[in-house]
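Taking it in order: structure first as structure tokens, then the write-up.
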Amino acid sequence: MNALSFLLVTAVLLSACPAVVAGKADHPAKLMAHFGALQGGVGKKNIDKVKIISGPAPVEMLNDKSPGQVWQASLGTVKFKITIQDATRVRIEECFERLQKLPPAYRAILPIVSEGDKAGLALYAKLGGAAAHGSQDYLNVVPTAGAQVILHEAGHILEQRVTSVRPDTLERWKKAIADDKVSVSAYGDQVAHEDLAEFSLVYAACLDAGAARLAELQKMSPKRFALWADILKTAPTLPPPQKKGHAGKRGK
Ligand SMILES: [Zn+2]
């Protein structure tokens, strides 16, 4: 990714969580900057394409009951929903490229946010100034939010799924941050679950860039690396939590 793209991605991510932008300017952004140039290449080797299984069917958007359309779709082996608010005027085909860029290991987020009455990938014209909101209950994005934004939200989705059975996950992540003694980004410095989401994006970029870059990330942030690899592997194997707890409500 070139410098401009990196700045744009950073700006988009910052806009996703405006409440945590301020402060910590003295804490240098390390991993995101170090590996930021890789992000433009995310998904270039992927060959699977999104296919529409059925739809559209009219639906009320979960956020505000406004009119929208929902489709059932597939990508590789995963099946999921795409919901588009009519006000966006976005054609469903415009969603495909960003999804096709997700590393296969990250596609598990799509069925998770499509369970039961959830809306899957949901496009809204506006999200109160944010680019996206992600939790294991929803993946809401604005029309301009690209693959990098989704890869950040993937961190929230997968962490929350694992936290539902391992409530100490974020405490372990805080310890990993302290042990690794390196920052992912100024944005992530604000709070542990955002650090994790930022790491999700950096890991995805390294995953697509090949074994050497992945090994480099592992060397620079070994505790986060091990914990995130475990979350990425474990989350898709877990069923939805029976009761919505705190973790199910958090997300941005
Ligand atoms: Zn976030």
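Laboratory data are not the source of any read-out in this text; all were calculated from the coordinates shown. Note that the structure is predicted; figures quoted are calculated from it, not measured. Counting neighbours? That spans all protein chains shown, and the Cβs are built from the backbone with ideal geometry, glycine included.
I need to check one value: relative contact order of region 50-162, counting alpha carbon pairs closer than 8 Å and at least 6 residues apart, in percent. Let's see the in-between values first.
Numbers: 220 pairs, mean separation 22.4, N = 113.
Answer for region 50-162 is 20 percent.
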Looking at the P(r) of region 50-162, how many percent of alpha-carbon pairs lie beyond 18 Å? 41 percent
Of all GluC sites (Glu not before Pro) in region 43-120, the ones in DSSP coil with at most 15 other Cβ atoms within 10 Å are GLU115
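Cα-Cα over 19 Å: which of LYS101/LYS126; LYS45/LYS118; LYS49/LYS81; LYS175/LYS219; LYS45/LYS233? Don't skip to the answer; put the middle values down first.
Numbers: LYS101/LYS126 23 Å; LYS45/LYS118 30 Å; LYS49/LYS81 15 Å; LYS175/LYS219 17 Å; LYS45/LYS233 21 Å.
Cα-Cα > 19 Å for LYS101/LYS126; LYS45/LYS118; LYS45/LYS233; rest within.
Rounded, prolate or oblate: which fits region 76-118 when a ≥ b ≥ c are the square roots of the eigenvalues of the alpha-carbon gyration tensor, with rounded for a/c under 1.5 and prolate only if a/b beats b/c?
Values: a/c = 2.83, a/b = 1.32, b/c = 2.15.
Cα axes put region 76-118 in the oblate bin.
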Convex hull of region 118-252 built on C-alpha atoms - directionally averaged projected area, nm²: 8.2 nm²
